[in-house]
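The values are calculated or read from the model by the stated rules, or taken from the named source; none is laboratory data. Computed from a predicted structure; not experimentally measured. Note that we place each Cβ from the backbone using ideal geometry, even for glycine, and neighbour counts take in every protein chain shown.
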Amino acid sequence: MRKPIVIANWKLNGGLDLICTSVASFIGKHFSAQIAICPPYLYMRDMMTFLQYSELQIGSQNVSRYESGAYTGETSAQMLKQAGCSLCLIGHSERRAMFAENNEGCRIKVRTAINHGLLPVLCVGENQEEREAGTTQQVLHKQMYEGLSGVDLSIGDLCVAYEPVWAIGTGLAATPQIAQDIHQYIRSELAKIFDQKTADRIRILYGGSVNKNNANELLKQKDVDGLLVGGASLDPGHFLAICERASELTA
Ligand code: PGA
């Protein structure tokens, strides 16, 4: 069975207050799901100091494709690992749309993350226009083949997050049925890129307007192995409720 995973993506939000209230709500609680928060880089170390009291993990919202050198503004996988990070998001649609990230760059980042012992979470998803044009599968196919071909999973693991762009921050989450259908497609593509056994092991998260009211039905879908939560993760009580749902499903 695939262990559920819930990841909070704070984006460019939050501060020391949010770190304190978020971590405090997790202290002393046990979860059968893997739970991580991706705060802005600057706050990672502050968060780490509290983590010995909870099962929370820290993730990064991005990672450099480079190891070291003259790359102003970048943070390497090795630095993130040394700082105590467990995982990193790669190719979030906001990075693709606003910071010109492409599939090839994502593939390099996935490899770099794995090489340094971070769990890469490759984000894929179609936008509204592509959905209306009926090209969702083609878009996902290209993102996955170009983002994952040749990646060696003998030394590490990876996750894929299906995040339809039309659902991010809009309040219009994909229905559980749409999520299931697309996740099933993603897994079938993963079986072609890797093999069936590997595809059965890879966790596929859903992201896009997840909240405590829709989390349960989404997580009940056979191929939905976790959630990537943006806006709702900025409310610690709300995020905790989502994590508890994910844990209950495995209990
Ligand atoms: P949202 O964001 O939950 O606010 O829709 C999800 C994401 O962008 O990862």
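Tell me yes or no: at least one residue of segment 60-77 is within 16 Å of the ligand (Cβ to nearest atom), part of a strand (DSSP E or B) and closer than 18 Å to residue 121 by Cα. Yes, segment 60-77 contains at least one residue that is within 16 Å of the ligand (Cβ to nearest atom), part of a strand (DSSP E or B) and closer than 18 Å to residue 121 by Cα. Considering segment 152-179, the residues that are surrounded by 22 or more Cβ atoms within 10 Å (Cβ to Cβ) and closer than 19 Å to residue 115 by Cα include one that is farthest from the ligand (Cβ to nearest atom), namely 158.
Residue-by-condition table, conditions (1) part of a helix (DSSP H, G or I); (2) modelled with pLDDT under 95; (3) within 16 Å of the ligand (Cβ to nearest atom); (4) crowded, with 18+ Cβ neighbours inside 10 Å:
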| site | (1), (2), (3), (4) |
| --- | --- |
| 144 | yes, no, no, yes |
| 150 | no, yes, no, no |
| 191 | yes, no, no, no |
| 216 | yes, no, yes, no |
| 224 | no, no, yes, yes |
| 239 | yes, no, yes, yes |
| 242 | yes, no, yes, yes |
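Residues of segment 38-49 include at least one that is within 16 Å of the ligand (Cβ to nearest atom), of a type outside the set (D, E, K, R) and either over 20 Å from residue 238 (Cα atoms) or surrounded by 22 or more Cβ atoms within 10 Å (Cβ to Cβ) (or both). Can you find even one residue in segment 183-197 that is under 25 Å from residue 106 (Cα atoms) and of a type in the set (Ser, Thr, Tyr)? So far as segment 183-197 goes, yes, one or more of its residues are under 25 Å from residue 106 (Cα atoms) and of a type in the set (Ser, Thr, Tyr).
Residue 184 - would you say it is buried (at least 18 other Cβ atoms within 10 Å of the Cβ), free of Cβ contacts under 8 Å to residues at least 60 places away in the same chain, over 14 Å from the mean Cα position of the chain (by Cα) and part of a helix (DSSP H, G or I)? The answer is no for residue 184.
Scanning segment 97-114 for residues that are in a helix (DSSP H, G or I), of a type outside the set (A, V, I, L, M, F, W, C) and out of contact with any strand residue (DSSP E or B) (no Cβ under 8 Å at 6 or more places or on another chain) yields 103, 104, 105, 107, 111, 112. Scanning segment 179-205 for residues that are among the charged types (D, E, K, R) and closer than 16 Å to residue 120 by Cα turns up 201, 203. Within segment 16-37, if we keep just the residues that are assigned to a loop (DSSP other than H, G, I, E, B) and surrounded by fewer than 17 Cβ atoms within 10 Å (Cβ to Cβ), the residue that is modelled with the highest pLDDT turns out to be 32. How many of the residues making up segment 206-225 are touching a Gly at 6+ places or on another chain (Cβ under 9 Å) and within 21 Å of residue 122 (Cβ to Cβ)? Total meeting the criteria: 6. Among all positions in segment 104-111, there is no residue which is within 13 Å of the ligand (Cβ to nearest atom) and over 14 Å from the mean Cα position of the chain (by Cα). Within the option set 247, 233, being in a helix (DSSP H, G or I), more than 15 Å from the ligand (Cβ to nearest atom) and touching a Phe, Trp or Tyr at 6+ places or on another chain (Cβ under 8 Å) holds for one residue only, 247. Quick check: is even one residue across segment 131-140 surrounded by 13 or more Cβ atoms within 10 Å (Cβ to Cβ), without any contact (Cβ under 8 Å) to a residue 60 or more places away in the chain, more than 18 Å from the chain's Cα centre (by Cα) and within 16 Å of the ligand (Cβ to nearest atom)? Within segment 131-140, one or more residues are surrounded by 13 or more Cβ atoms within 10 Å (Cβ to Cβ), without any contact (Cβ under 8 Å) to a residue 60 or more places away in the chain, more than 18 Å from the chain's Cα centre (by Cα) and within 16 Å of the ligand (Cβ to nearest atom).
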